[in-house]
Amino acid sequence: MISTVVTALGLGLAAGVSPGPLLVLVVTATLRGGLRRGLAVACVPLLSDAVVVGVTLLALGRMPTSWLAWLGVVGGIAVAAVGVQTMREARSESLALGADAPRRTGRDEVRRAIALNLVSPHPWISWLTFLGPLTVTAWRSSPAAAIAFVAVFYLMLVGAKAVLAVLVSRGRDRLTDTGYRRAVVLAGWALVALGVVMAVEFATKLV
C-alpha cells in the first residue's frame with residue numbers, strides 16, 4: 001500500500017506540473033478570469049478522465065497478467081521518455097500570455113478543457129500503458145490499494161495545477177519563468193526515475 005501511494009504521489013505531482021495543453025489552459029484561464037476560473041479548469045480531469053479511466057480499466061481488467069506486465073514495462077519506458085522530453089521542453093517554457101489571445105467565459109474555458117482532455121491522446125496513452133496496468137495490478141492484490149492509487153494520483157494532479165493557478169493569480173513576481181522551468185525540470189527527473197522503477201518492477205513479473 002505504501003509503495004503504491006508513493007508511486008501515485010510522484011506520478012500525480014509530475015503530471016500536474018509538466019507542460020501540456022491542460023496546464024496552459026489553467027494558466028491562461030487564471031490570467032483571463034481570475035483564480036476561480038483557473039481552479040475550475042484545474043479540476044477538469046476529475047470530469048473528463050472518468051470516461052478514460054472507465055474504458056481503459058474495463059479493457060485491461062480482462063487481460064492476462066503477462067500482458068499487463070508487458071504493458072507495464074512499455075509504460076515505464078514511456079514515462080521515462082516523457083520525463084526526458086519534459087526536461088528538454090523546460091528550456092523554452094514560459095507563463096507569458098499573448099496580448100492577442102481570445103477571451104472566453106468561464107464555462108467556455110471549462111468546456112474547452114473537457115473537450116481537449118477527451119480528444120487528447122495523452123490521458124488515453126497514460127492510462128493504457130502505465131496508470132491502468134498499475135491500477136489493475138494493485139486491484140488484484142488489494143482493491144483498497146488500487147482505490148488509493150487513483151485517488152492520490154488525481155489529488156496530486158489537480159492539486160498541483162490548483163497551486164499553480166493560485167501562484168499565477170497572486171502576481172507575476174511570485175512565479176517567474178525561471179522558477180517554473182526549474183519546477184518542470186524536477187518533474188522531468190521524477191518521471192524518469194519513476195519510469196525506470198516501473199519498468200524494472202514489471203519486468204521482474206516476466207521472469
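Just a few scattered comments:
- Here is how the number arises for the chain: DSSP H runs of 4 or more residues each give -39500 (n - 2.57), the sum is divided by the residue count, and the result at 222 nm is -26000 deg cm²/dmol.
- All Cα-Cα separations within segment 130-207 were binned at 10 Å from zero, giving a P(r) of 15, 35, 28, 17, 5, 0, each value a whole percent of the pairs.
- Note on the chain: with charges restricted to the Cβ of Lys and Arg (+1) and Asp and Glu (-1), its dipole about the Cα centre is near 460 debye.
- Computed over the chain with a Gaussian network model linking Cα atoms closer than 10 Å, the most mobile of Val192, Val41, Val74 is Val74.
- Within segment 179-207, backbone nitrogen closer than 11 Å to the virtual label 7 Å beyond the Cα of Ser141 toward Cβ: 201-202, 205
- The calculated FRET efficiency for Trp70 paired with Met1, based on their beta-carbon distance and R0 = 30 Å, is about 0.75.
- Using a cutoff of 8 angstrom between alpha carbon atoms and counting only pairs six or more residues apart, the relative contact order for the chain works out to 47 percent.
- Surface per residue (accessible, 1.4 Å probe) for the chain, Å²: 52 Å²
- Ratio Rg/Rh [Cα only; Rh per Kirkwood] for the chain: 0.99
The values are calculated or read from the model by the stated rules, or taken from the named source; none is laboratory data. Given the structure is predicted, the values throughout are model-derived calculations rather than measurements. For neighbour counting, all protein chains shown are included, and Cβ atoms are generated from backbone atoms with ideal geometry for every residue, glycine included. Surface accessibility is based on the protein's heavy atoms, side chains included, excluding ligands, DNA and RNA. Shrake-Rupley method; radii C 1.70, N 1.55, O 1.52, S 1.80 Å.
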